[in-house]
Amino acid sequence: PVARLTRAAGKMSAGDYGCQVKVSSRDELGQLANSFNEMSKKIKQEDEFRRQFIADASHELRSPVASLKVLVESLLIKHPKSKEETIEYLTDINGQLDRLSRLVNDLLMLSRIEKNKASLKKEPVPIRQLLAEVKENLRLLAAEKQIEITITANSDILWPADRDMLYRAVYNLADNAIKYSPVNSQVQLNSAADEEKLTITVKDQGIGIAPEHLGNLFTRFYRVDKARERATGGIGLGLSIVKEIVSLHGGTVSVTSV
């Protein structure tokens with residue numbers, strides 16, 4: 001059994017993640033082998049997750065970079081004949097740069113979350129004030145669609161959390177709600193708390209989500225409607241960031257839709 005464990009450890013160090021050791025005994029060596037096998041499976045799952053994440057991120061980065069290359073090459077070859085045509089090209093380039101910037105910022109946020117899993121900068125956060133800041137920073141986006149943002153929260157709620165991360169989670173949810181809501185509707189930011197739990201709810205009057213998509217909504221790079229997401233600038237990371245932040249605080253996130 002010791003020799004088998006040693007060989008398996010050698011395989012792991014060489015990158016053969018997921019290898020298992022067959023030990024039938026129930027003594028300390030058997031317990032050690034079982035622990036090794038569990039560790040090996042988790043490392044393999046983590047490795048597969050990271051590989052998939054890198055592949056997805058590379059794919060998402062490739063698209064705006066390719067679009068930028070086409071636009072710039074067109075400018076170099078075609079030489080626009082009017083100021084209006086030049087502005088049209090530059091507007092398209094600026095849009096692709098914005099998309100690329102959002103993607104990089106989201107990837108950096110996910111990296112920061114991974115880095116801070118061991119330690120959060122927790123402090124008493126005034127929740128109503130945080131919701132008010134989200135509302136203020138989304139005011140112009142909401143005004144473009146005549147959307148009213150309302151807040152229902154007690155002014156005395158203080159909750160221990162990493163303020164910047166909690167703000168980002170609520171902002172992402174509210175931003176998402178505005179993007180997929182019709183003109184002249186309402187987005188509600190609500191919070192309630194007792195001694196054990198803080199609940200923050202973002203409610204909209206949007207187009208709704210089909211039941212088959214609900215389970216994947218917080219998965220990285222998942223998009224319900226890829227064409228519609230690209231039209232609104234979505235890359236499928238906003239809601240996964242929400243999930244990571246909430247999980248980091250020991251909480252859960254869920255969605256209901258009709």
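The values are calculated or read from the model by the stated rules, or taken from the named source; none is laboratory data. Every value quoted in this text rests on a predicted model; they were computed, and no experiment measured them. Reconstructed Cβ throughout: ideal geometry from the backbone, glycine too, with neighbour counts over all protein chains shown. Surface areas here come from the heavy atoms of the whole protein model, side chains and all, with no ligands, DNA or RNA. Shrake-Rupley method; radii C 1.70, N 1.55, O 1.52, S 1.80 Å.
Rg and Dmax, both from the Cα atoms of the chain and both in Å, are 23.8, 82.
Does the range 85-170 come out rounded, prolate or oblate, given a ≥ b ≥ c as the square roots of the eigenvalues of its C-alpha gyration tensor, rounded meaning a/c under 1.5 and, failing that, prolate meaning a/b above b/c?
On the way: a/c = 4.99, a/b = 1.42, b/c = 3.52.
In terms of gyration-tensor shape, oblate.
Charged side chains reduced to their Cβ positions (Lys and Arg at +1, Asp and Glu at -1) give the chain a dipole of some 800 debye around its Cα centre.
With K and R counted +1 and D and E -1, the other residues having a Cβ less than 10 Å from that of residue 185 yield a net charge of -1. Accessible surface for the chain, divided over its residues, is 63 Å² per residue with a 1.4 Å probe.
Of the residues 160, 198, 52, the one whose Cα sits farthest toward the positive end of the charge dipole of the chain, with +1 on the Cβ of Lys and Arg and -1 on the Cβ of Asp and Glu, is 52.
State, to one decimal in nm², a quarter of the convex hull surface area for the C-alpha atoms of the range 4-66, i.e. the direction-averaged projected area. The partial results should precede the final answer.
Working: hull surface 18.8 nm².
Result: a mean projected hull area of 4.7 nm².
Using a 1.4 Å probe on the protein chains only, how many percent of the accessible area of the chain belongs to carbon and sulfur?
Numbers: 8600 of 16280 Å².
With neighbouring chains kept in place, the figure for the chain is 53 percent.
Before rounding to the nearest 500, sum -39500 (n - 2.57) across all DSSP H runs of length at least 4 in the chain and divide by the residue total; then give [θ] at 222 nm in deg cm²/dmol. Calculated from helices alone, the mean residue ellipticity at 222 nm is -19500 deg cm²/dmol. Counting only DSSP beta bridges whose two residues both lie in the chain, roughly 70 percent are antiparallel.
Peptide packing: for 189-195, 169-175, the average count of neighbouring Cβ atoms within 10 Å per residue gives the ranking 169-175, 189-195, highest mean first. The angle separating the long axis of helix 2-13 from the principal Cα axis of greatest extent in the chain is about 20 degrees.
Seen from residue 128, the other residues with C-beta closer than 12 Å to its C-beta sum to a net charge of -1, counting Lys and Arg as +1 and Asp and Glu as -1.
Take peptides 145-155, 77-87 and line them up by average Cβ neighbours within 10 Å, highest first, as a rough protection proxy.
Details: 145-155: 14.3, 77-87: 9.9.
The most tightly packed comes first, giving 145-155, 77-87.
Placing +1 on the Cβ of every Lys and Arg and -1 on the Cβ of every Asp and Glu, with nothing else charged, gives the range 115-203 a dipole about its Cα centre of roughly 340 debye.
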